[in-house]
């Protein structure tokens, strides 16, 4: 009795709290749209521009299903397929981890494999995940004018167990390396924005300048807590980013001189995109442009930096055409390279008569290098010919990881954890027992370096091969190689794509380093406007990098031959059947005569025996066979056959008709 | 059993050359483990018999996954338990397959010895029946050739057998089981025959059709001339020793056959139980049947081999695929009955013909299958002495087997040829095999006719 009472009380209390909390949060919740743009000069004279749009809608239970800003298509998608998290990226070009960095948040969340990559976490029972995934691919395919529907086939997507993202059984991952990305994919992506590309930062997106870039990746990331009973209230967050690496045309007169190679090219928004911003999107809550200078760049400029006291934005090295509104400096950068600086520009005050055009000018030549990932991962094919080969994944230490052992030497031996996730299509038949690991050229036993290994081997025409691996590599190693041998499959003539001789793609492997996290902590000196992009940068995030897509040529049959092959093979079968049957039933002439004689003789014998018995007379063997009786017999036989065939024919007609 | 004297005379010669062939294998296995890369040849190792796939299956099993997970392994779980541990010791990497190689050499040697045993039994039976028929002139001819020795040596020295043994495919084990069942049937040992037959069918499915020759062997004894001849003989001259003849032409003994089938079902049950135990943690027997027999029957793997099916099913329209699968497989079974009717008095030869037909038409043939029937062909060297086209066939086999690697190289490795080149050699090889089968069958029938004529003339002389 007492327990039930206490339950009732606690329930009432709980309801009360719920009520209070919902009341307190309800008026605060609003749909929010923010647009941001980040520029970062890259060491190899290029400029990274990273657009970041974020739309947030409150929970349906508190806000209702109608939206002012949030795209309806995405909202319906989330609700129909009960998506918890989804990421879709269209990428052209390959992120250069060597010179564009592999450690910073932009690189590890926006460097994507070429083509289309899609992964999604569903909030449905485990047996319905595949069905939801298939429907989702078709919907996205229609939404983004891409052949994402090819990911429907079970041979193209995988269900990683633990190496990709978090431990979730409802995650599906698929990628289409061959997908060509073009403006027809960008237009529907822009349609999801409240201002499209008519106003605000998105009006910079001049198609020719975007697709002229060295790398561009448009990404759509969706997080929803609609179906999560614990963390409800966050609603749906739609994050759209476009990352472009552009080569600025040299603006300044320095370019005329040969010494100008030392100078980084100066650029402006107009020179990069050929457009300027006429003001913010009216629906956006905040609209900011940032310029990020990397830690090592700041470090290299340091000496001239300190004796400068003319306020931020103008020093002896660089100059902005517009003075920045605020400056944020990174605190506790844990690789001692110096702390990066983020300049913020607000474009709230600009309008069409006073467009915003940020210019960036180098005043002194400076060189620097970006922060790389702990290991440089690359993947290549070994072997020649179209029968077999091997996939090799090489992990080279970078200068960064060489400083690692000093950091934690208290253990018996410092070990670097590397996670590898690789999906291989079924026609690459990988022999997982041939996995070999070489560390600094020495063959290591698998048990020594592999901490955890999960393989789900490929099944012909059903599922791809998935390999998930946790490696513990010694920190002081120079290089490590993992090789896996495979046989190339032979496909049916219909399974080859139209350009069969181009080869088949093996999607990128994902190499991640869970011991390391990107994290940029900015100390905001100014009035802090809550910026989603900056807070995204400050999130703790595992470093991951994608390897190259491999192109495997497969043997092709002769596509023009099906009829010839069918006829020739059937001829061989006919030869076998016909000649063997002929050899079996052929009789030599005299044998046949003998047989015929004997047969008739036996029958005659039998008949005469019977007649003798019937007549009750002693039987005497006939001395000579009369010529007339065989013909009579044959005629009766023929008659019998005719009747039999007629009966069979009649029966056939009767039963089949 | 009386041992004929000429065989003892031949024995030292036989043993030295048999041992020489074994030595050759050992030398090749030990000293050239990697230079002779036969295991990757499509002629030698098929998806069903490849030891590399077996190693993958064993690895999967060690990693507590079903060995049939993925489409790698398609063999028997028993083979996996026996040969699997031998594939693992890759400490140095070089001698990883040494133990398996030794096992295959042993299997080859035992097979050859069993073939020799079959040959001796056959020859003794042959001489006896010819003597009974009174065709002394014919029997003298067959005494000169110890067909068992010849067959065993043909099997041991056949380059195809040696290549199969060095190519680390499981075909030697399958061949051993087939020959074991035939030997058991020839000795009229029902348990042995049943064991061989059950295990061979378990390993590669096609030996199922050998049940007919085995039953004939067990029921009515070894190869004899047609029964009609004996009847003719007894009918012709009553004054001869009819009792002896009637003993020889003893009727089909159903009792032995029933015993054989009882043993066969016992062995089958035993094999299935063992398989079920070894697959207990995984998916059980259903998946085993799907992945072994289903894989063989549905021709899922379209990688090139010396058979007739791969290119056909790579090219044929999907709509007709099932129809042609049925037609091609039925082609094997279509000829089983006619051959059995015509050659029921020669069950050993019938078994040879069946094995040859299967090795032509099976879905993943290898030269190991050809090696077996070429070895068995040696058993009938006396009966098939006047076979036609033998030189033509020999050159044909040689030509296609030399051309096949060349065409494969041109297509796969150099990219200068295309698939049709290799397919053409496969077709030619199939044609030569068909001619061999047809010619051997017809010359065996002719041999029976000649016997009949011979006895007829003897009969006339007596009268």
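Rule-based calculations on the coordinates, nothing more; no lab input. Everything quoted here is computed from the prediction, not taken from an experiment. So basically every Cβ, Gly included, is an ideal-geometry build from the backbone, and we count neighbours across all protein chains shown.
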Check: Against the longest alpha carbon principal axis of chain B, how many degrees, from 0 to 90 and to the nearest 10, is the axis of helix B:171-186 turned?
Finding: 20
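Could you work out the relative contact order of chain B, using alpha carbon pairs under 8 angstrom and six or more residues apart, expressed as a whole percent?
Over chain B, the number comes to 19 percent.
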Check: Any idea what the alpha-carbon Rg over 2.2 N^0.38 Å comes to for the stretch A:318-397?
Finding: 1.94
Item checked: Angle between chain B longest axis and helix B:347-361 axis [Cα atoms, degrees, rounded to 10] -> 30
Check: Taking the highest mean first, how do the peptides B:339-348, B:210-219 order by number of other beta carbon atoms within 10 angstrom per residue?
Finding: B:210-219, B:339-348
Notebook entry, point to check: On average, how many beta carbons from a partner chain sit within 10 Å of the beta carbon of a residue in B:54-66?
Noted result: 3
Margin query: How large is the translational diffusion coefficient of the stretch A:80-236 in µm² per second when you combine the Kirkwood radius over alpha carbon pairs with Stokes-Einstein at 20 °C and 1.002 mPa s?
Written below: 127
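How big is the Rg/Rh ratio for the stretch A:463-507, C-alpha atoms only, Rh by Kirkwood, two decimals?
For the stretch A:463-507, the value is 1.14.
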Check: Taking the Cβ-Cβ separation of residue B:227 and residue A:653 as r and a Förster radius of 35 Å, what is the calculated FRET efficiency to the nearest 0.05?
Finding: 0.20
Next item on the list: Using only Cα atoms, find the angle between the long axis of helix B:211-220 and the longest principal axis of chain B, and express it within 0 to 90 degrees, rounded to the nearest 10.
Entry: 30
Margin query: With 10 angstrom as the radius, rank B:389, B:32 by how many other C-beta atoms surround their C-beta, starting from the fewest.
Written below: B:32, B:389
Next item on the list: Taking each pair of different alpha-carbon atoms in the stretch A:93-134 once, compute 1/r for the pair, average those values, and report the inverse of that mean as the Kirkwood hydrodynamic radius in Å to one decimal.
Entry: 12.8
Checklist line | Rotationally averaged projected area of chain B (alpha carbon convex hull; nm²) | finding: 23.4
Check: For the residues A:563, A:576, what sequence is obtained by ranking on other C-beta atoms within 10 Å, fewest first?
Finding: A:563, A:576
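Calculate the mean, over all residues of peptide B:310-322, of how many other protein chain Cβ atoms lie within 10 angstrom of the residue's Cβ.
The per-residue average across the peptide is 5.
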Checklist line | Calculated P(r) tail over 11 Å for the stretch A:175-226, as whole % of Cα pairs | finding: 77
Notebook entry, point to check: At q = 0.19 Å⁻¹, what base-10 log of I(q)/I(0) does the Debye formula yield for the stretch B:312-361 when every alpha carbon is treated as an equal point scatterer in vacuo?
Noted result: -0.66
Check: How well do other chains shield peptide A:431-441, expressed as the mean number of their Cβ atoms within 10 Å of each residue Cβ?
Finding: 3
Notebook entry, point to check: Applying 1/(1 + (r/R0)^6) with R0 = 41 Å to the Cβ-Cβ distance of residue A:180 and residue A:438, what FRET efficiency is obtained, to the nearest 0.05?
Noted result: 0.65
Next item on the list: Apply the Kirkwood formula to the stretch B:262-352: the hydrodynamic radius equals the inverse of the mean of 1/r over all pairs of different alpha-carbon atoms; give it in Å with one decimal.
Entry: 16.4
Margin query: Counting other beta carbons within 10 Å of each residue's own, what order do B:126, A:161 fall into, fewest first?
Written below: A:161, B:126
Item checked: Using a Förster distance of 45 Å, the FRET efficiency for residue A:614-residue B:341 (Cβ separation, nearest 0.05) -> 0.80
Next item on the list: Treat the stretch B:330-463 as a sphere of radius equal to its Kirkwood radius over Cα pairs and apply Stokes-Einstein at 10 °C in a medium of 1.306 mPa s; give the translational diffusion coefficient in µm²/s, rounded to a whole number.
Entry: 95
Next item on the list: For the stretch B:285-407, compute Rh as the Kirkwood radius over C-alpha pairs and then the Stokes-Einstein diffusion coefficient at 37 °C and 0.692 mPa s; write the answer in µm²/s, rounded to an integer.
Entry: 198
Notebook entry, point to check: How many nm is it between the label spots at residue A:639 and residue A:138, if each spot is 7 Å from the Cα in line with the beta carbon?
Noted result: 6.9
Next item on the list: Could you state the orientation-averaged shadow area of the convex hull built on the Cα atoms of the stretch A:445-488, in nm² to one decimal?
Entry: 4.1
